[in-house]
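Okay, structure first, notes after.
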Amino acid sequence: MQPFLDGTLSDDEVAKAQWHLEKCSWCARRYRFEERLRHYVRVAVTEPMSPELKAKLAALRTPLDA
Amino acid sequence: MSETAPTASDSRRLAQEARDRVRFEEEALELSDQVYRVARRLVGSREEAEDLVQQTYERAFRSWRQFTPGTNLRAWLLRILTNLNIDRGRRQQRTPQTASLDAGEAGDYFLYNKLESQVTDENPDEERVLERLSQDSIVEALADVPHDFRDVIVLVDIGDFAYADAAQILDIPIGTVMSRLHRGRRILKKNLADRTVTA
């Protein structure tokens, strides 16, 4: 399942996996869960940068008249 | 440097260099949100992440000529960040470097099965199952993954880097990226399973 989700299977293997997922609801539920989980993890841990840091980084730019 | 006044071609070259530099800095700064997002998950605290990102950009701007235009700037920045993180020697922290064989991994469906057992529906759909996970528990569960594995999960699953880029950033073989990714995800899911509230 992991390689399928990662997109690292061959075309042939992908076709077989998709065929299986159409028939097997047990697997299909778990597959959709994995997909959603990965998305959820990414969203859950995303934290925006503080404005202070943004300003500090912007201040690193080389002045135009240097 | 010559002691005479700059020639016309010197001036043109310097002007072009200044333009290149400005563009480099702009493109690098556009990536700062993404760089921070990865940094925040690689280290323990917001403060450390901010320090690290600032140092990364300071070094990146100093070494801008070493970047080949047109290549992967995001990966280049992350490489600097990762090296700085190693230099700081902060990697010897609470979490061990690599997991032992019995790292508390679990089978692929361990988490799903556990969460599913807590939902009252007969045949719950996956959204109902996912709702059992809280945002805080995900943050904590990820922080508890040993850092060798966590680095790869953060770069690939959160930073969206390809395996080859992650291999280059971390200076490890691509096969190691894949095996640490798969094991790391299993450890993460086991950590999540341990944190779910039993109904």
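Only the coordinates and a few stated rules stand behind these numbers; no lab work does. All of these numbers come straight from a predicted model, not from anything done at the bench. Cβ sites come from the backbone with ideal geometry, for glycine too, and all protein chains shown count toward neighbours.
Let me know the mean shielding of B:125-133 by other chains, meaning the per-residue number of their Cβ atoms within 10 Å of its Cβ.
4
Reachable lysines from B:LYS114, Cα under 21 Å, same-chain residues fewer than 8 places away excluded?
Once the sequence-local lysines are set aside, what remains near B:LYS114 is B:LYS189, B:LYS190.
Helix B:174-195 sits at what angle to the longest principal axis of chain B, using alpha carbons and giving 0 to 90 degrees rounded to 10?
50
Rounded to whole Hz and in sequence order, give me ³J(HN,Hα) for the stretch B:133-138 from the Karplus expression 6.51 cos²θ - 1.76 cosθ + 1.60, θ = phi - 60°, writing x for Gly and Pro.
8, 9, 4, 4, 5, 5
Using a 10 Å cut-off on Cβ to Cβ distances, tally the other chain neighbours for every residue of A:32-44 and report the average as a whole number.
Rounded to a whole number, the mean comes out at 6.
Using DSSP to define loop residues, name the GluC sites (Glu not before Pro) in the stretch B:107-186 whose beta-carbon has at most 10 other beta-carbon atoms within 10 Å. Please report the intermediate quantities before stating the final value.
Details: sites: B:GLU116, B:GLU122, B:GLU126, B:GLU127, B:GLU131, B:GLU140; in loops: B:GLU122, B:GLU131.
Sparse-neighbourhood loop GluC sites (Glu not before Pro): B:GLU122.
To the nearest 20 Debye, how big is the dipole of chain A about its Cα centre, given +1 on the beta carbon of each Lys and Arg and -1 on that of each Asp and Glu?
On the way: 11 positive and 10 negative charges, 64 e Å.
Dipole size: approximately 300 debye.
By per-residue mean of other Cβ atoms within 10 Å, what is the highest-first order of B:25-36, B:72-83?
Going by the mean number of other Cβ atoms within 10 Å, highest first, we get B:72-83, B:25-36.
Under 8 Å for C-alpha pairs, at least 6 residues apart: give me the relative contact order for chain B, rounded to a whole percent.
In percent, rounded to a whole number, it is 24.
Would you tell me the mean number of C-beta atoms belonging to other protein chains that fall within 10 Å of each C-beta in B:28-38, as a whole number?
Rounded to a whole number, the mean comes out at 3.
Could you give the alpha-carbon Rg of the stretch B:110-195 over 2.2 N^0.38 Å, rounded to two decimals? Provide the component values of the computation, followed by the final result.
Working: Rg = 14.8 Å, N = 86, 2.2 N^0.38 = 12.0 Å.
Normalised Cα radius of gyration, the stretch B:110-195: 1.24.
In whole Hz, what ³J(HN,Hα) sequence does the stretch B:74-84 give by Karplus (6.51, -1.76, 1.60; θ = phi - 60°), x for Gly and Pro?
These are the phi-based 3J(HN,Hα) values: 4, 5, 4, 5, 5, 5, 4, 4, 4, 5, 4 Hz.
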